[in-house]
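Undergrad: Please read through the structure below; I'll follow up with questions.
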Amino acid sequence: MGRSLAHLQSMPLTALVDLPGAHSRPGPWRGEAGFDAGLGQRCLEVSISPVVAPSIRHQRHIVVLRDISERRRAQQALSQMALTDALTGLANRAAINQHLQERVQRRGEAPFGVMFMDLDGFKAVNDSYGHRAGDEVLVAVAGRGGGDEFVLVLPDGSDDYLVRESAQLIIAAVSRPFTLGSDTAVVTPSIGAVFHPADGRDAPLLLQRADAAMYAAKARGRNGLVMYEPALDEGAQRCSRLQSLLRIDAERNAFTFVAQPKVNAAGQLTGAELLMRWTTEAYGPVSPAEFIPMAEKIGVIDLMGRHALHAAARMAAALRALGSQGTVAVNLSPQQLLRPDLERIAMRACEQHRADPAQLELELTESALLADPRQVRRTLGRLRAQGFQLALDDFGTGYSSLSYLRNLPFHKVKIDRSFVMDIEHDARARLMLKGVVQLCDSLGLGTVAEGVETDTQFELLRGVGIAEFQGFLFARPQPREQWFEALCGPPRPALDGGIWPTI
């Protein structure tokens, strides 16, 4: 130890020979002992060997002590690092698995709940504000399981009511905007829940099924809770297979596009919104509500957005070749909007297909605008300067719509169908809609009503001054050729001698 034997005085010598196991069997013994030698708690490696000789009348031992305190502290630190998230200081996935397995073995048949949560929109926070800001969000939420995933193990006896109540509290707390310096960011939780022992009797199975329920929550619109049910196992396998197929099809652009017509107040076609469709051999048509969030998760949404942008440019070029002033609208994802070279990508698509940017309408949702307001403002300013039409989509479903109208260079506003659905029977809905239209008029913004399905809705919307309309009342999404013929008339020889310009 490098010190005088006097430092051992506080440890009775009898303690060495009384160490557990020291005399449980004949021969040498080695073990560890902890004691306080006036230097703080120390850990000793103790080696005891009996001295055997005919001339020795009484039992004698050779005792070797080695101070291994620093080694044990280092091992404890490594163990702590292996089971603790370095950012939040809370249990990581390995520790959660260990805790769950011990809980299952210790409690037997005692019921308890496990909730698995993933943060929707967290990648956009990291991409927009940097990982330091993302870390601030994670610390604020706490309890990280891995990446942007979190696990909550509920107490014994927890039931369906406790899980749902806990989920509502989590959703309310996490969905509030986070302040990041002078900016704000929004993430939402998708939560899956399971019960022991009904949904599994070991930790890996419980977490696997809670994870499957969490992905079901994402597929059903996010920012909500889904309780595990056996059918989700098949859904999880399907989801994994679809992700693999989507990666392949995104690379080879194996998508089709349909046109959702837009009309003016006189019912005349003014353009269309281009919508992506995906059909697989194994599963048939897959809903955009399923494959768009999946594309965002696996990182192919930007590539798919480029395919859509080029398809829209081809349609706009075809309109231009036949002398039509119609416009083609296409949605931009949050990931596309965060690209500093988005303007260059959009212009390249127009130049490649000889399209006029003024006939391309780029639609953005409010969630896309939340990511990085300053970057968004710069990007939209450059796009508008090049002549692109800019539309705020799903107006009225987010946090800060009015500030977007004031601060961002939009040409028009697309009023969400939730406003339209109730105007036939709700006077307050009509008053709110009228106020929105008057505000847009005063700001020089055009208006488009989405989801128009009845003649009465159409008449009421025209009455408050809406300029354009979309909905099943006029037409369902249709093949581009069908929409093209309705807008431009029957096919006729194009300028280059073909039947139709390539769309």
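Undergrad: With respect to Gly134, determine if the residue is at positive phi and either at pLDDT below 65 or touching a strand residue (DSSP E or B) at 6+ places or on another chain (Cβ under 7 Å) (or both).
TA: It is false that Gly134 is at positive phi and either at pLDDT below 65 or touching a strand residue (DSSP E or B) at 6+ places or on another chain (Cβ under 7 Å) (or both).
Undergrad: Which one of the conditions (1) at pLDDT below 95; (2) in a helix (DSSP H, G or I) does Glu229 fail to meet, given that it meets all the rest?
TA: Just one mismatch for Glu229, condition (2).
Undergrad: Okay, next question. Within the stretch 320-365, restricting attention to residues that are surrounded by 23 or more Cβ atoms within 10 Å (Cβ to Cβ) and touching a Lys or Arg at 6+ places or on another chain (Cβ under 7 Å), which residue is nearest to Thr379 (Cα to Cα)?
TA: Gln359
Undergrad: When you scan the stretch 182-207, how many residues do you find that are buried (at least 16 other Cβ atoms within 10 Å of the Cβ), in contact (Cβ under 8 Å) with a residue 12 or more places away in the chain and not hydroxyl-bearing (Ser, Thr, Tyr)?
TA: 15
Undergrad: Within the stretch 325-418, considering only strands (runs of 3 or more DSSP E) that don't extend past its boundaries, which have at least 3 residues that are touching a residue at least 12 places away in the same chain (Cβ under 8 Å) and touching a His at 6+ places or on another chain (Cβ under 7 Å)?
TA: Here the list reads 389-395.
Undergrad: I'd like the residue in the stretch 449-467 that is among the acidic types (Asp, Glu) and outside any helix (DSSP H, G or I) and, out of all such residues, is surrounded by the most Cβ atoms within 10 Å (Cβ to Cβ).
TA: Only one residue tops the list, namely Glu450.
Undergrad: Are any residues in the stretch 214-237 hydrophobic (A, V, I, L, M, F, W, C), surrounded by 20 or more Cβ atoms within 10 Å (Cβ to Cβ) and farther than 13 Å from Ala167 by Cβ, and if so, which ones?
TA: Once the filter is applied, which keeps residues that are hydrophobic (A, V, I, L, M, F, W, C), surrounded by 20 or more Cβ atoms within 10 Å (Cβ to Cβ) and farther than 13 Å from Ala167 by Cβ, the stretch 214-237 yields Ala216, Leu232.
Undergrad: While we're here: Looking at (1) in contact (Cβ under 8 Å) with a residue 12 or more places away in the chain; (2) part of a loop (DSSP other than H, G, I, E, B); (3) not charged (D, E, K, R), which is the one condition that is false for Ala266?
TA: With respect to (1) in contact (Cβ under 8 Å) with a residue 12 or more places away in the chain; (2) part of a loop (DSSP other than H, G, I, E, B); (3) not charged (D, E, K, R), Ala266 is out only on (1).
Undergrad: When the residues of the stretch 160-180 are narrowed to those that are part of a helix (DSSP H, G or I) and modelled with pLDDT under 85, which ends up farthest from Pro293 (Cα to Cα)?
TA: Initial filter on the stretch 160-180 (part of a helix (DSSP H, G or I)): 160-174.
Then drop every residue that is not modelled with pLDDT under 85, which leaves 173-174.
Working: Ala173: 23, Val174: 20 Å.
Among those residues, the one meeting the criterion is Ala173.
Undergrad: Select from the stretch 238-248 the residues that are touching a residue at least 40 places away in the same chain (Cβ under 8 Å) and surrounded by fewer than 18 Cβ atoms within 10 Å (Cβ to Cβ) and write down the one among them that is nearest to Ile301 (Cα to Cα).
TA: Arg247
Undergrad: Taking the condition of being within 13 Å of Gly305 (Cα to Cα) and hydrophobic (A, V, I, L, M, F, W, C), how many residues in the stretch 326-361 meet it?
TA: From the stretch 326-361, those within 13 Å of Gly305 (Cα to Cα) are 329-339, 342, 345-346, 349; that's our starting set.
Going one step further and asking which of them are hydrophobic (A, V, I, L, M, F, W, C), we end up with 329-330, 332, 337-338, 342, 345-346, 349.
Residues flagged as within 13 Å of Gly305 (Cα to Cα) and hydrophobic (A, V, I, L, M, F, W, C) within the stretch 326-361 amount to 9.
Undergrad: Taking the criterion of being farther than 21 Å from Pro334 by Cβ, at pLDDT 90 or above and exposed (fewer than 14 other Cβ atoms within 10 Å of the Cβ), would at least one residue in the stretch 409-418 satisfy it?
TA: no
Undergrad: Something else: Mind checking which residues of the stretch 181-203 are assigned to a loop (DSSP other than H, G, I, E, B) and at pLDDT 80 or above?
TA: Scanning the stretch 181-203 gives Val187, Pro197, Ala198, Asp199, Gly200, Arg201, Asp202.
Undergrad: I've got another one for you. For the stretch 257-279, which positions are modelled with pLDDT of 95 or more and hydroxyl-bearing (Ser, Thr, Tyr)?
TA: Within the stretch 257-279, Thr279 is the sole residue that qualifies.
Undergrad: Continuing with this model, one more query. Show the residue pairs that are 6+ apart or on different chains and have beta-carbon atoms under 6 Å apart, the first residue being within the stretch 460-483 and within 13 Å of Ile423 (Cβ to Cβ), the second being buried (at least 16 other Cβ atoms within 10 Å of the Cβ) and of a type in the set (Ser, Thr, Tyr).
TA: Ile466/Thr447
Undergrad: Of these, Arg417, Arg462, Arg406, which one is under 19 Å from Asn264 (Cβ atoms) and under 31 Å from the mean Cα position of the chain (by Cα)?
TA: Going through Arg417, Arg462, Arg406 in turn, just one is under 19 Å from Asn264 (Cβ atoms) and under 31 Å from the mean Cα position of the chain (by Cα): Arg417.
Undergrad: Within the set of pairs 6+ apart or on separate chains, which have a first residue in the stretch 306-320 that is in the same structural domain as Asp341 (by TED's automatic domain parsing) and over 15 Å from Glu363 (Cα atoms), a second that is in a helix (DSSP H, G or I) and of a type in the set (Lys, Arg), and C-beta atoms under 8 Å apart?
TA: Close Cβ pairs satisfying both conditions: Met315/Arg480.
Undergrad: Let me confirm something: among Ala317, Ala295, Ala308, which residue is in contact with a Lys or Arg (Cβ under 7 Å, 6 or more places away or on another chain) and either part of a strand (DSSP E or B) or of a type outside the set (Val, Ile, Thr) (or both)?
TA: Ala317
Every residue, every condition in (1) modelled with pLDDT of 65 or more; (2) in a helix (DSSP H, G or I); (3) surrounded by fewer than 17 Cβ atoms within 10 Å (Cβ to Cβ), yes or no:
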| residue | (1), (2), (3) |
| --- | --- |
| Leu39 | no, no, yes |
| Arg57 | no, no, yes |
| Val64 | yes, no, yes |
| Ala82 | no, yes, yes |
| Gln101 | yes, yes, yes |
| Arg106 | yes, yes, yes |
| Asp127 | no, yes, no |
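Undergrad: Separate question: Residues Glu361, Glu343: which one is under 26 Å from the mean Cα position of the chain (by Cα) and charged (D, E, K, R)?
TA: Glu343
The values are calculated or read from the model by the stated rules, or taken from the named source; none is laboratory data. Since the structure is predicted, the reported quantities are computational estimates derived from the model, not experimental observations. Here the Cβ is made from the backbone with ideal geometry for all residues, glycine too, and neighbour counts use every protein chain on show.
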